[in-house]
Amino acid sequence: MSAVAEASRTKIVTGADYLASLRGRELDVWLLGERVSEPVDHPIIRPSINAMARTYDLAVENRELASVVSPFTGERVSRFLHVCTNVDDLVLQNKMQRRLGQLTGTCFQRCVGMDAFNSLFSVTFEMDERNATGYHDRLKRFLTTVHHENLVVGGAMTDVKGDRSKAPHQQDDPDVFVHVSRRTEHGVYITGAKAHQTGCINSHWILVMPTMRLGQADENFAIAGAVAVDAPGITYVYGRQSCDTRMLESGEIDSGNAKFAGQEAMIVFRDVFIPNELIFMNGETDFASMLVQRFTAYHRRSYVCKTGVGDVLIGAAAQAAEMNGVDRASHIKDKLVEMTHLNETIYGTGIAASYQGYATASGAYICDEMLANVCKHHVTRLPYELGRVAQDIAGGLVATMPSESDLSHPEIGPLIQKYLRGSTEFTTEQRMRVLRLIENMTLGRNAVGYLTESMHGAGSPQAQRIEIGRAMQLDYKKRLARALAGIETEGDAAVIVDELSGFLRRVFDLPDSEPDEIHGSD
Ligand SMILES: Cc1cc2nc3c(=O)[nH]c(=O)nc-3n(C[C@H](O)[C@H](O)[C@H](O)COP(=O)(O)OP(=O)(O)OC[C@H]3O[C@@H](n4cnc5c(N)ncnc54)[C@H](O)[C@@H]3O)c2cc1C
Ligand code: SF4
């Protein structure tokens, strides 16, 4: 285990403990062409660390919502470290995610790892059942260590991928997919790069996983394991965000949300060692798609996080309307109703996916794949529409407003104060702050999390359409239609009911029936 894990034996409880745990790791982090000596103190990076820290503070403030008693250590740990063993666990993850979206207005980065080990928990169990590999116990030992210290685990799935039309082994440069570069009796070395890695620098551990379905020739790419964030051979290249350098300016109004932001970076692995005890898949190409499918199911309903962020945007739009003196106009009220309708449509499908969860062979619960994909597919569209309506309500100043430096300037400031005042119930500065928040969420730093992450995170829109298409059971639905149209040749309605499977079986499962193992789709 890494020096970091050894050194941070003290259990992290508060956000302040967490911040302290990140210091002094000497990571190889690059931002704007410069090596960052201490990410915790970097003004562009710090808001993303604050967002992660909020997950710890919420667990202190509301322990039932954001923490659980660890089945491995018997102590309270973050709910982000919990393997779901019933429907309530799945549902509470979503409620915690919405709450944190409300409190930060951004991506708080901690769900990828949670969804990664939840999926690995069931996949390692099934790999061991088939191949007697021993991965599942290793994963449990890893989780026990992580629980002892209440650490942050990130999830690294997406490879940089090179030419998308080619399989990993067909690429001119094999490094565009993370792969095993060397095997020893003690473990493996991996090389390659993962793109867009949420919260990776703010994590203590990263779970590396394959990014897609693999064929037999891709054996070296079928690698899953835990890597310490400060392991030798890792370089992080920070993904810059729209308007991020506003954090380098004096003042805080222009940043829109000075305290919180998300984080993505590219992780480059150059012969990074994973010891045997931290390897959870090694060459089992036939299990790669199961892992990807289960991870994306969990993660696609995790996007309920965006409804918490949506709550903030709806509030900001309503506040801007009040400051502009138009809050009683019927079309404004209707637009706020529309925003709420869209936001709750996301929540409805995400929370339903959790409520319709079921047990896997390992005992871990997984959400309903169909509803999770429908949730995420809504997320690829509806936040954009919410952002459009928020900008409509806010007015053009959201994009043309002078700076905080102008507002505070002795000569020009009084003009800004006078001419940018809306309703006299509010100060000009208050109005500017709300407009900057809307800018932040729809055009600025946190539009990365609210819009583009909504589009591509957990897979681009087409990935959900493929899953929805796979699980939509058209043959069965055609039989329903044929029965009612009077052209069914065999069977009747009763037979059709008996034949329920996949998603529709879960739909008609009675709430008080025994929780049985119903595998994914048919
Ligand atoms: C803000 C943000 C945070 C993220 N966080 C994480 C994270 O923490 N961990 C992680 O592992 N990943 C993360 N991702 C990655 C995310 O899962 C990917 O962005 C997503 O899977 C799309 O991959 P891509 O960005 O390489 O786009 P591409 O794969 O290049 O896709 C671009 C377009 O090409 C299409 N396309 C791609 N391949 C094919 C093909 N073979 N045939 C036909 N069409 C194709 C897609 O459908 C899409 O329309 C994050 C992404 C973002 C934007
Ligand atoms: S996008 Fe949402 S689900 Fe994903 S890590 Fe960020 S907050 Fe969590």
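The values are calculated or read from the model by the stated rules, or taken from the named source; none is laboratory data. Note that the coordinates shown come from a computational prediction; the quantities given were computed from them, not determined experimentally. Because the Cβ atoms are built from the backbone with ideal geometry, glycine has one as well, and the counts that use them run over all protein chains shown. Areas reflect the complete protein model, heavy atoms only, side chains present, ligands, DNA and RNA absent. Shrake-Rupley method; radii C 1.70, N 1.55, O 1.52, S 1.80 Å.
Checking the condition closer than 25 Å to Thr452 by Cα and open to solvent by less than 50 Å² (accessible area, probe 1.4 Å), which residue from Val227, Val178, Val188 passes? Explain how you work it out, then say what you get.
Details: Val227 fails: closer than 25 Å to Thr452 by Cα; Val188 fails: closer than 25 Å to Thr452 by Cα.
It is Val178.
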Do we find that Val40 is away from ligand 1 (no atom under 16 Å from the Cβ) and in contact with a Leu (Cβ under 6 Å, 6 or more places away or on another chain) in this structure?
-> yes
Being within 16 Å of ligand 1 (Cβ to nearest atom), touching a residue at least 60 places away in the same chain (Cβ under 8 Å) and either in contact with a strand residue (DSSP E or B) (Cβ under 6 Å, 6 or more places away or on another chain) or within 21 Å of Phe269 (Cβ to Cβ) (or both), is that true of even one residue in the stretch 160-173?
-> yes
Subset of the stretch 475-513, residues modelled with pLDDT of 85 or more and open to solvent by 90 Å² or more (accessible area, probe 1.4 Å), comes to Asp475, Lys478, Leu484, Ile487, Phe508
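Determine whether the stretch 49-57 contains at least one residue that is under 30 Å from Gln293 (Cβ atoms) and of a type outside the set (Ser, Thr, Tyr).
In the first step, residues of the stretch 49-57 are kept if they are under 30 Å from Gln293 (Cβ atoms); the result is 51-52, 55.
Narrowing the set further to residues that are of a type outside the set (Ser, Thr, Tyr) leaves 51-52.
Scanning the stretch 49-57 turns up at least one residue that is under 30 Å from Gln293 (Cβ atoms) and of a type outside the set (Ser, Thr, Tyr).
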Please go through the stretch 83-122 and pick out each residue that is part of a helix (DSSP H, G or I), within 16 Å of ligand 1 (Cβ to nearest atom) and within 22 Å of Leu278 (Cβ to Cβ).
-> Cys111, Val112, Gly113, Met114, Asp115, Ala116, Phe117, Asn118, Ser119, Leu120
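Being in a helix (DSSP H, G or I) and more than 22 Å from the chain's Cα centre (by Cα) is the filter here, so list the residues in the stretch 61-81 that pass it. Break it down stepwise before answering.
Applying the first criterion (in a helix (DSSP H, G or I)) to the stretch 61-81 yields 61, 63-66, 79-81.
Hit for the stretch 61-81 is Glu61, nothing else.
Within the stretch 295-319, restricting attention to residues that are of a type in the set (S, T, N, Q) and buried (at least 24 other Cβ atoms within 10 Å of the Cβ), which residue is nearest to Cys367 (Cα to Cα)? Even if it seems obvious, please write down each step before you answer.
Residues of the stretch 295-319 of a type in the set (S, T, N, Q): 296, 302, 307, 319.
Among the residues that remain, those that are also buried (at least 24 other Cβ atoms within 10 Å of the Cβ) are: 302, 307.
Working: Ser302: 10, Thr307: 18 Å.
Filtering the stretch 295-319 for residues that are of a type in the set (S, T, N, Q) and buried (at least 24 other Cβ atoms within 10 Å of the Cβ), the one nearest to Cys367 (Cα to Cα) comes out as Ser302.
Kindly provide the set of residues from the stretch 144-173 that are over 21 Å from the mean Cα position of the chain (by Cα), open to solvent by less than 60 Å² (accessible area, probe 1.4 Å) and not charged (D, E, K, R), ordered by number.
Taking the stretch 144-173 and keeping what is over 21 Å from the mean Cα position of the chain (by Cα), we get 144-145, 148-149, 162-173.
Next, only the ones that are open to solvent by less than 60 Å² (accessible area, probe 1.4 Å) stay: 144-145, 149, 162, 167-168, 171.
Scanning the stretch 144-173 gives Thr144, Thr145, Gly162, Ala167, Pro168, Gln171.
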Considering (1) under 20 Å from Val309 (Cβ atoms); (2) within 15 Å of ligand 1 (Cβ to nearest atom); (3) open to solvent by 10 Å² or more (accessible area, probe 1.4 Å); (4) not hydroxyl-bearing (Ser, Thr, Tyr), say which one Gly199 fails and leave the rest.
-> (3)
Of the residues Leu443, Leu342, which single one is open to solvent by 10 Å² or more (accessible area, probe 1.4 Å) and within 23 Å of Ser250 (Cα to Cα)?
-> Leu443
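I'd like to know if the stretch 5-13 contains one or more residues that are modelled with pLDDT of 95 or more, open to solvent by less than 40 Å² (accessible area, probe 1.4 Å), assigned to a helix (DSSP H, G or I) and out of contact with any Leu (no Cβ under 6 Å at 6 or more places or on another chain).
The initial filter retains those residues of the stretch 5-13 that are modelled with pLDDT of 95 or more, namely 11-13.
Now narrow it down to the ones that are open to solvent by less than 40 Å² (accessible area, probe 1.4 Å): 12.
Now restrict to residues that are assigned to a helix (DSSP H, G or I): none.
Checking the stretch 5-13: not a single residue is modelled with pLDDT of 95 or more, open to solvent by less than 40 Å² (accessible area, probe 1.4 Å), assigned to a helix (DSSP H, G or I) and out of contact with any Leu (no Cβ under 6 Å at 6 or more places or on another chain).
When residues of the stretch 295-306 are filtered for being more than 14 Å from ligand 1 (Cβ to nearest atom) and among the charged types (D, E, K, R), how many remain? Before you say what the answer is, go through the steps one by one.
Just the residues of the stretch 295-306 that are more than 14 Å from ligand 1 (Cβ to nearest atom), to begin with: 301, 304.
Imposing the further condition that a residue be among the charged types (D, E, K, R) reduces the set to 301.
Residues in the stretch 295-306 being more than 14 Å from ligand 1 (Cβ to nearest atom) and among the charged types (D, E, K, R): 1 in total.
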Among residues belonging to the stretch 125-155 that are hydrophobic (A, V, I, L, M, F, W, C) and outside any helix (DSSP H, G or I), point out the one that is farthest from ligand 1 (Cβ to nearest atom).
-> Ala132
Which of the residues that make up the stretch 244-282 are open to solvent by 40 Å² or more (accessible area, probe 1.4 Å) and within 15 Å of ligand 1 (Cβ to nearest atom)?
-> Met266
Can you confirm whether the stretch 102-121 contains a residue that is touching a residue at least 60 places away in the same chain (Cβ under 8 Å), more than 16 Å from ligand 2 (Cβ to nearest atom), open to solvent by less than 10 Å² (accessible area, probe 1.4 Å) and over 27 Å from Leu451 (Cβ atoms)?
-> yes
Could you grab me the full set of residues in the stretch 347-399 that are within 23 Å of the chain's Cα centre (by Cα), among the hydrophobic types (A, V, I, L, M, F, W, C) and open to solvent by 10 Å² or more (accessible area, probe 1.4 Å)?
-> Ile351, Ala352, Ala359, Met370, Leu371, Val374, Leu382
